[in-house]
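Everything on this sheet refers to the single structure shown next.
The values are calculated or read from the model by the stated rules, or taken from the named source; none is laboratory data. On a predicted model such as this, the values are computed, not experimentally measured, just so you know. Counting neighbours? That spans all protein chains shown, and the Cβs are built from the backbone with ideal geometry, glycine included.
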Amino acid sequence: MRGRIGAMVALARPYQWVKNGLVLAPLVFSRRLLVPRDCALALAAVLAFSALSSAGYVINDITDREADRLNPEKRHRPLASGELDVGTAVRMAVVLGALAVGMSIALGRAFVGIAVLYAGLQFAYSLWTKRHVVLDVISVSLGFVLRAFAGGAAIGVEVSPWLIFITFVLALFLVLARRRHELVVLGDGAEAHRSALGQYSIRLTDQMISIVAGATLVSYMIYTASSEIQAKLGTRHLYLTVPFAAFGILRYLYLIEERDEGGDPGRLLLTDGPLLLAVLLWMATIVALLYL
């Protein structure tokens, strides 16, 4: 049993904030990483989305607390285990939401609009879309897309359609991997945990994962070789990052197929050394090509 503060921190899932790194993508690819004002705005946007996403996790855990008790991994969450009561969780969601609203207003109307869309998407997922096959993975993936749009809104730059497309298919890949993991862990009890899981099968998710993994890698390769993108970014050597992207995707496939991992992309990224190294090398190469 954790202390009360520890349980509240666990409920907020701070390790999931790594996903909000997507908010920084427009900053990096617009070549404004060295502009102090834009860096400050982008970091504020990351903080706003971290508070907003944590509020969404709390609400999701409130609605899922009974089903989570049937999951061998999720039953240890603070609400499912009884470490925290619903009243405390509600107050925590309100505080996190208020923090997110305050920071969003400071970042401008465009950012507020995206934040409202994200919050609505979170509510829709918690109350409805997560119970419907395919719609559940698409709604989660759209949350990643909104993060990218939010990063652009925070610093006032247009977000590339390429960035949106690649973000969407990559998110689909990660979410489908999570569905596969849930099917493996829960077995025959998958449908009791969430009705939509009863309409998936490991064979179906494997087919879907193959499609979106291929789409992610191929679209990124085309992106790096595009003459339009080369002219916009000022480098013809972006293709040098492809090996790192390919290794990351193939490593993730290995982890979900051979080790039955993939239940939590954020945690897996932070705990799998080769995967983390590939991502860091990819990021370092991007920065070197765009700024050196």
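The table for this structure:
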quantity: Every pair of residues 6+ apart whose Cβ atoms lie under 7 Å, when the first sits in segment 263-279 and is touching a residue at least 12 places away in the same chain (Cβ under 8 Å) while the second is hydroxyl-bearing (S, T, Y); calculated: G266/Y15; R267/Y15; L270/Y15; L275/Y252
quantity: Selected residue (only one of R91, R147, R131 is out of contact with any helix residue (DSSP H, G or I) (no Cβ under 7 Å at 6 or more places or on another chain) and of a type in the set (K, R)); calculated: R91
quantity: Which listed residue is within 17 Å of the chain's Cα centre (by Cα) and buried (at least 20 other Cβ atoms within 10 Å of the Cβ), from P78, P26, P14; calculated: P26
quantity: Residue list for segment 267-292, restricted to those being at pLDDT 90 or above, under 27 Å from R178 (Cβ atoms) and in a helix (DSSP H, G or I); calculated: G273, P274, L275, L276, L277, A278, V279, L280, L281, W282, M283, I286
quantity: Meets criteria (of a type in the set (A, V, I, L, M), at pLDDT 90 or above, under 29 Å from V212 (Cα atoms) and assigned to a helix (DSSP H, G or I)) for I105; calculated: no
quantity: Residues located in segment 36-87, provided they are at pLDDT 90 or above and of a type in the set (K, R); calculated: R37
quantity: Check on I209, surrounded by 14 or more Cβ atoms within 10 Å (Cβ to Cβ), in contact (Cβ under 8 Å) with a residue 60 or more places away in the chain and under 24 Å from the mean Cα position of the chain (by Cα); calculated: no
quantity: Any hit, segment 162-169, residues being in a helix (DSSP H, G or I), in contact (Cβ under 8 Å) with a residue 60 or more places away in the chain and surrounded by fewer than 19 Cβ atoms within 10 Å (Cβ to Cβ); calculated: yes
quantity: From the options V159, V218, residue that is outside any helix (DSSP H, G or I) and of a type outside the set (D, E); calculated: V159
quantity: Helices (runs of 4 or more DSSP H) (entirely within segment 1-87) containing at least 1 residues that are within 30 Å of L289 (Cα to Cα); calculated: 25-29, 36-68
quantity: Residue match in segment 145-154 (condition: charged (D, E, K, R) and either touching an Asp or Glu at 6+ places or on another chain (Cβ under 8 Å) or at positive phi (or both)); calculated: no
quantity: Test for V90: is it in a helix (DSSP H, G or I), exposed (fewer than 14 other Cβ atoms within 10 Å of the Cβ) and not assigned by TED's automatic domain parsing to the domain that holds S195; calculated: yes
